[in-house]
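Encoded as structure tokens, the structure appears first; notes follow it.
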Amino acid sequence: MTISQTNSQISTQITQVCTKQAITCLHAIESGSRAWGFSSSDSDYDVRLIYCHQSDWYLRLIAEKDTFEYIDNELFTVPFDIGGWDIRKALLLLYKSNAVIFEWLNSPIIYQSDTQFLTLIHEVQQEFFNPLAIFYHYRGMAKTATRSLDLTQPIKLKKCFYLLRALLASVWTLEKQTPPPVLMADMFELFTPQEQQIIEGLILIKQAVDESYQHQLPQSAIDLINKLWQWGDTLITKRETFSKPQGDIALLDDIFKTVVFNR
């Protein structure tokens, strides 16, 4: 099956699920290793979407569930799931500078998208970017990834890349003061040519093997990981230079009313 055929099948599945859930898909994307650019042959499909209900749904006194999950392990030869957030939840998370919603809004793999919604969001998303919040999110991911991880022993490359990308994204956030690109390769400008070759070599290996494969990292890769830890430590000592006021929630109110109530 070609990539185009796979994407078409995923889009069809999204439409069917949204019809069953009685929701409208506003933005559906791929997340995880496929969007980050280091998937293996047996990587899962992790589809994420932002959706809205009919306007009356938002006028109820008691708020109902604002997320859903759908799993279908028969659609492909690898696991497939869809996770969705209601537009109100998504906008509130953007207001709080949630790193995950920035990734969803900027994924390089888009299955479906409402042009008006995405245009409105992209026009204001930078207003809600908080470098410190994003930095600490990715540093937290890196710390989680290092638990029980001995880099001197053979490890699953998936764990290595989760750590590498989180560290690289944390450094990018403070160095560039913009949300880190979703595709890991788009952050390689922070590396020297030699460092970039090290990571690209590991990506080629990961793309050729399955998720269970374990690899002994070269010392050069371990040194690079340590360098990224130290780089982040140095940057955050100047945390006061990265603080910024929170964006005006009225901007998001307007988007919510435009999309849900056509106002």
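Test of understanding: among Gln16, Gln112, which residue is part of a strand (DSSP E or B), out of contact with any Gly (no Cβ under 8 Å at 6 or more places or on another chain) and under 30 Å from Glu211 (Cβ atoms)? Lay out the reasoning, then the answer.
On the way: Gln16 fails: part of a strand (DSSP E or B).
From the options Gln16, Gln112, the qualifying one is Gln112.
Would it be correct to say that Val182 is outside any helix (DSSP H, G or I), hydrophobic (A, V, I, L, M, F, W, C), buried (at least 20 other Cβ atoms within 10 Å of the Cβ) and in the same structural domain as Trp231 (by TED's automatic domain parsing)?
Numbers: outside any helix (DSSP H, G or I): yes; hydrophobic (A, V, I, L, M, F, W, C): yes; buried (at least 20 other Cβ atoms within 10 Å of the Cβ): yes; in the same structural domain as Trp231 (by TED's automatic domain parsing): yes.
So Val182 passes the test.
Can we say Trp85 is closer than 28 Å to His137 by Cβ and either free of Cβ contacts under 8 Å to residues at least 40 places away in the same chain or part of a loop (DSSP other than H, G, I, E, B) (or both)? Before you say what the answer is, go through the steps one by one.
Values: closer than 28 Å to His137 by Cβ: yes; either free of Cβ contacts under 8 Å to residues at least 40 places away in the same chain or part of a loop (DSSP other than H, G, I, E, B) (or both): yes.
Against the criterion (closer than 28 Å to His137 by Cβ and either free of Cβ contacts under 8 Å to residues at least 40 places away in the same chain or part of a loop (DSSP other than H, G, I, E, B) (or both)), Trp85 qualifies.
Quick grid of which residues meet (1) more than 30 Å from Phe117 (Cα to Cα); (2) assigned to a helix (DSSP H, G or I); (3) within 24 Å of the chain's Cα centre (by Cα):
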| site | (1), (2), (3) |
| --- | --- |
| Asp210 | yes, no, yes |
| Ala221 | yes, yes, yes |
| Leu224 | yes, yes, yes |
| Lys227 | yes, yes, yes |
| Thr241 | yes, yes, no |
| Gly247 | no, no, yes |
| Leu251 | no, yes, yes |
| Phe256 | no, yes, yes |
| Val260 | no, yes, no |
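If I ask for residues that are within 22 Å of Ser39 (Cβ to Cβ), in contact (Cβ under 8 Å) with a residue 24 or more places away in the chain, of a type outside the set (Gly, Ala, Ser) and assigned to a helix (DSSP H, G or I), which ones from the stretch 138-164 would you list?
Tyr138, Met141, Leu157, Lys158, Cys160, Phe161, Leu163, Leu164, listed by residue number.
Just a yes or no: is a residue in the stretch 23-37 closer than 30 Å to Leu202 by Cβ and part of a loop (DSSP other than H, G, I, E, B)?
The answer is yes; a qualifying residue exists.
Under 8 Å by Cβ, and 6 or more places apart or on different chains, what pairs join a residue from the stretch 98-117 that is in the same structural domain as Cys25 (by TED's automatic domain parsing) and charged (D, E, K, R) with one that is assigned to a helix (DSSP H, G or I) and crowded, with 18+ Cβ neighbours inside 10 Å?
Listed pairs, sorted by first residue: Glu103/Ala35; Asp114/Val259.
Which of the residues that make up the stretch 90-143 are under 25 Å from Cys160 (Cα atoms) and touching a His at 6+ places or on another chain (Cβ under 6 Å)?
Correct list: Ala99 only.
The values are calculated or read from the model by the stated rules, or taken from the named source; none is laboratory data. Bear in mind the structure is a predicted one, so any value in this text is a computation, not a measurement. No Cβ is skipped: glycine too gets one built from the backbone with ideal geometry, and neighbour counts run over all protein chains shown.
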